[in-house]
1. Need the failing condition index for residue B:54 against (1) more than 7 Å from every other protein chain (Cβ to nearest Cβ); (2) surrounded by fewer than 18 Cβ atoms within 10 Å (Cβ to Cβ); (3) farther than 27 Å from residue A:333 by Cβ, just the number.
2. Being within 22 Å of the chain's Cα centre (by Cα) and open to solvent by less than 30 Å² (accessible area, probe 1.4 Å) is the filter; apply it to the stretch A:387-416 and report the residue that is nearest to residue A:291 (Cα to Cα).
3. Name the single residue that is surrounded by the fewest Cβ atoms within 10 Å (Cβ to Cβ) among those in the stretch A:125-138 being under 16 Å from residue B:69 (Cβ atoms) and in contact with a Ser or Thr (Cβ under 9 Å, 6 or more places away or on another chain).
4. Please enumerate the residues belonging to the stretch A:177-198 that are open to solvent by less than 20 Å² (accessible area, probe 1.4 Å) and of a type in the set (Val, Ile, Thr).
5. Look at the stretch A:49-77 and say how many of its residues are within 7 Å of another protein chain (Cβ to nearest Cβ) and under 23 Å from residue A:233 (Cβ atoms).
6. Six or more apart or on different chains, Cβ atoms under 9 Å: show the pairs whose first residue is in the stretch A:213-229 and at the interface with chain B (Cβ under 7 Å from one of its Cβ atoms) and open to solvent by less than 10 Å² (accessible area, probe 1.4 Å) and whose second is modelled with pLDDT under 95 and not in a helix (DSSP H, G or I).
7. If I ask for residues that are within 15 Å of residue A:410 (Cβ to Cβ) and in a loop (DSSP other than H, G, I, E, B), which ones from the stretch A:300-321 would you list?
8. Quick one: how many residues across the stretch A:239-257 are at the interface with another protein chain (Cβ under 7 Å from one of its Cβ atoms) and crowded, with 24+ Cβ neighbours inside 10 Å?
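The values are calculated or read from the model by the stated rules, or taken from the named source; none is laboratory data. Here the structure is a predicted model, which means the values were calculated and not measured. Here the Cβ is made from the backbone with ideal geometry for all residues, glycine too, and neighbour counts use every protein chain on show. Keep in mind that these areas ignore ligands, DNA and RNA; they rest on the heavy atoms of the full protein, side chains included. Shrake-Rupley method; radii C 1.70, N 1.55, O 1.52, S 1.80 Å.
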Amino acid sequence: MSWLLPLSYILSGSLFIFSIRGLASPQTARGGNLLGMLGMILAIAATMFSPLVSDWLLPFGVILLGGMVGTYSALKVKMTSLPQMVAAFNGLGGLSSVFVALAEIISGSRAYLDNSIGLIIGAVAFSGSMVAFAKLQGLISAKALVFKGQQFLNLVLAVAMFGLCGYFIWSGDLEIFYYLAALTILLGVLLILPIGGADMPVVISILNAYSGWAAVGIGFSLNNVLLIIVGAIVGASGAILSYIMVKAMNRSLLSVMLGGFGAEKQGSTSALGQDKTARSGNPQDAAFIMENANKVIIVPGYGMAVAQAQHILKEMADDLHKSYGVEVKFAIHPVAGRMPGHMNVLLAEANVPYEDVFELEEINREFATADVAYVIGANDVTNPLAKTDPGSPIYGMPVLDVEKAKTVFFVLRSLNSGYSGVENPLFFAENTIMLYGDAKKVTEEIVAALEQNK
Amino acid sequence: MEIWMLLSILVLACFIGYFVVWGVTPALHSPLMSVSNAISGIVVIGALVTAGVADASIAKLLGLIAVFLASVNIFGGFAVSHRMLLMFKKKEKK
């Protein structure tokens, strides 16, 4: 029955394609995820009972064990820790490729180049993801960690890595392969350390792509078509996501990867802030202005995620809509948060229907007709200097035109500049009112005032 | 010849990936990451082959470790995606 395995692989590959295809809309997405699971079960079962595998019982037990660990942690994790969870799982996938490549070479495979590719990409995906995990989890500082000569050191290590790789392919010396693994893991750590928190959406996407390309490398080593197909699709997915993220910041992939962005803040007392004062208000005023509005657009940022303010925000939106007849919409910038689509997930968690949540291009024109823009925990993504000041590091980045609303509220802890280190002139605009404090507390007070005024 | 066939498959798969992924709605970019993350655990079938040899060896041990890691990745990835996707709801009809 030599046709059984290839046939199962064709089916399984198609199921994976349909599974991604399902994510085209929220209605079909859950079904898509199930198709993905089905594809995986099929691929595993077909491999396990094929002539390629003589002892299937022990590996099967290990799958169940790993499955329990994975499922348990996935069900336990809080929704706010999602980005680091994704990073951690991604790292394990990369490490798995490393072990397969090692096992292949040890057992005498002659596919030196293919296994080196699998090893190198898998190792960077592993150690890079672990650093990203540590940063997102707060185990190490999320700030960009830069030191003198860092880029030079990375360059030297990268050259050494390619040298070792070339020497291994030429000699096939197992010991060299170990050095190559160790060096690449170190390089992965050093590559991600200098990248700051707000660039995490890009980093996570790139690492995601790597785990796919690593699978491609292993696929070539084992002559396994399914690994190549699936690895390529995952690789494409990660690559496209990083492209979208980088575009949304108007930066180049190289500038993100070189890191250091936002490492040193420019003095927050720039010329801009000295002669102007920002007007601050209290939550009661904000409640009064919003209940008399026709249309309110809420702009969430990472500050909302940190403060866990999405639930109370949903309450505020409901109060405004149900008790005062205000039209409420949510506007999301592509790089808001710590991974692609982060804000969408948090709002979904708070039961905000996805029809009320809009992407930047969909909603940007509507700010002109909105009475209130409620910016909660976001800063750089609203900075109009991105449109007007060619000298600014964020120039050219697409931003939300919140200043076009009649009144703009900024819920922030302080007037400090955002991640980019650029001061936001909107803080001092005439139609802006600052609401200082924790995003959750401020919104809670607004909701209390809304309930009272009913 | 084999290598060229595999390369053709790789290139064609990249095209499929390109078009399918651009079709994903931006609101679901987080689930896209975790679903694609889960299916990148497909490397488990490579791990199974190395772990599935009959006699005990270092390579088999490494293969088993790889199977374990990939399984955590697969099950965890699909479970997280499922949790996320359950939350995306339509407006309740009044």
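1. Result: residue B:54 passes all but (1).
2. A:400
3. A:127
4. Within the stretch A:177-198, A:184, A:192, A:195 qualify.
5. Total meeting the criteria: 6.
6. The qualifying pairs are A:218/A:224.
7. Passing the criteria: A:301, A:309.
8. Qualifying residue count, the stretch A:239-257: 1.
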